[in-house]
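The next block holds one structure in the form of structure tokens; read it before the comments.
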Amino acid sequence: MHRSTMQSPALEVRGLTRTFGRIAAVSDLELTVNVGDVYGFLGPNGAGKTTAIRCMLGLIRRDSGTVRVFGESDLTAARRHVGAIVETPAFHAWMSGTENLRHAAAYAGIPRGQVEGEIARVLDRVGLTHRAIDSAGTYSLGMKQRLGIARALLGRPRLLVLDEPTNGLDPRGMAEMRQLIRSLARNEQITIFISSHLLAEVQQMCNRVGILSAGRLKAEGRVEELLQAEANAHTVDIDADDQAVLLAALDNIEGIERLGESDGGRIRVRTTGSVAALNRQLVEAGVAVNALVPSARNLEEVFLEVTT
Ligand code: ATP
């Protein structure tokens, strides 16, 4: 392989735009997925995730922008490096898991002599060998998703693009899917791009995330960096004897943003000053402060902040 290709990001999107009539589904999208990333593509329903993925895979046309996969801008040529599941994978219900994969292998251009070995490998990888002869119509949703991953793994892709892979799965199914994705990244060095609106999932699985809202990328970075963003701003939960007095005092302090209540019923705020300064200002305003607890941001707060 060409040296420059080896060093290129797995996926590089620049200025990607796609409109449907009046709806700008994706606007000027820029994102970079590095080799080895498990990248979480987050966004609320209708944010444009599926449209962006379809454009990135060359399944639908884009109005403008460039997409490079391992440095390759010809997406048809790049496709041999990519395995994908876009929305819920569809299978022929009357055909067995193996037969469905044979069909897909022929379509993917896997050489005849390698098909059976390749099918056995991917079925084993997703833990479906024991159900391979049963018709796909009898599979549970979790098994269908795993068969979808098996299909995406045919031909040993270096990049796996998964659109909402845990959608509709029960907690055990989600945990199994998470484990499978982590293991593919770790043990087989496959770069993974996952779209999701499930923040906890992404926080547990991904090293980098991009947050999409109304077709635009609002934030991108390493999960730890996004969680520590605004290092000089602190989220603090406050407990006071008299909440009305506390709220009135907070209204008069500069650099305070009210974030609602914490799970324990404390008042959550973000302050651009120090926690000590906030404590002093509250006491000076006559608030009897019982507790002032710095709270770690979670991805959900970052998400809500950038998508509203
Ligand atoms: P979800 O999480 O609900 O799947 P999403 O982030 O994947 O949402 P998209 O499905 O990409 O979002 O939709 C983005 C916007 O583009 C929506 O307003 C949607 O109605 C619109 N859209 C998507 N596909 C089409 C289409 N084929 N024709 C018209 N509008 C479309």
For this session: Please give the contour-minus-distance gain from Arg61 to Met95: 0.36 nm per residue of separation, less the Cα-Cα distance, rounded to one decimal in nm.
Result: 9.1 nm
For this session: Quote to one decimal, in nm, the extra length available between Glu224 and Val283 on full extension: 0.36 nm per residue of separation minus the C-alpha distance between them.
Result: 17.9 nm
Exercise. How large is ³J(HN,Hα), in whole Hz, for each residue of the range 75-92 in order, when computed from phi with the Karplus curve 6.51 cos²θ - 1.76 cosθ + 1.60 and θ = phi - 60°, using x for Gly and Pro?
Worked result: 5, 5, 5, 6, 4, 5, 8, 10, x, 9, 10, 10, 6, 5, x, 9, 10, 6
Seminar exercise, completed: Here the FRET efficiency for Val275 versus Ala175, based on Cβ atoms and R0 = 35 Å and rounded to 0.05, is 0.45
Exercise. How high is the FRET efficiency from Gln243 to Ala214, r the C-beta distance, R0 35 Å, rounded to 0.05?
Worked result: 0.50
Problem set entry | Rounded to 5, the percent of DSSP beta bridges in the range 11-227 classed as antiparallel | 55
For this session: Determine, from the Cβ-Cβ distance of Asn167 and Glu188 and an R0 of 22 Å, the FRET efficiency 1/(1 + (r/R0)^6), rounded to the nearest 0.05.
Result: 0.40
For this session: Could you work out the equivalent-ellipsoid semi-axes for the range 234-307, taking the square root of 5 times each eigenvalue of the Cα gyration tensor, largest first, in whole Å?
Result: 20, 13, 11
For this session: Can you work out the accessible area per residue across the range 11-227, with the rest of the protein chains kept in place, probe 1.4 Å, in square angstrom?
Result: 45
Problem set entry | Pairwise label distance in nanometres, Glu254 with Glu300, each label 7 Å out on the Cα-Cβ vector | 3.4
For this session: Largest first and to the nearest Å, give the Cα extent of the chain along each principal axis.
Result: 80, 42, 40
Exercise. Got a number for carbon plus sulfur as a percent of the range 65-193's accessible area, 1.4 Å probe?
Worked result: 50
Exercise. Distance in nm between label sites at Thr32 and Ser135, each 7 Å beyond Cα in the beta-carbon direction?
Worked result: 5.0
Seminar exercise, completed: In order over the range 303-308: 3J(HN,Hα) from phi, Karplus 6.51/-1.76/1.60, θ = phi - 60°, whole Hz, x for each Gly or Pro, gives 4, 5, 4, 8, 9, 10
Seminar exercise, completed: Env charge @ Gln204, Cβ radius under 12 Å, K,R +1 / D,E -1, value +1
Exercise. Arranged from highest to lowest average of other beta-carbon atoms within 10 Å per residue, in what order do the peptides 272-283, 202-213, 97-108 appear?
Worked result: 202-213, 97-108, 272-283
Exercise. If Lys and Arg each add +1 and Asp and Glu each add -1, what is the summed charge of the other residues whose beta carbon sits under 14 Å from the beta carbon of Leu59?
Worked result: +4
Exercise. What list of whole percents do you get for P(r) of the range 95-244, with Cα-Cα distances grouped in 5 Å bins up to the one holding the largest distance?
Worked result: 2, 8, 16, 17, 16, 12, 9, 7, 5, 3, 3, 2, 1, 1, 0, 0
Problem set entry | Gain in span if fully extended, Thr17 to Arg156, counting 0.36 nm per residue against the direct Cα distance | 47.0 nm
Exercise. Please state the equivalent ellipsoid semi-axes for the range 55-96: what are the square roots of 5 times the Cα gyration tensor eigenvalues, largest first, in whole Å?
Worked result: 26, 13, 7
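The values are calculated or read from the model by the stated rules, or taken from the named source; none is laboratory data. Since we're looking at a predicted model, the values are computed, not measured. Counting neighbours? That spans all protein chains shown, and the Cβs are built from the backbone with ideal geometry, glycine included. Each accessible area value is taken on the protein alone, full model and side chains, heavy atoms only, with ligands, DNA and RNA left out. Shrake-Rupley method; radii C 1.70, N 1.55, O 1.52, S 1.80 Å.
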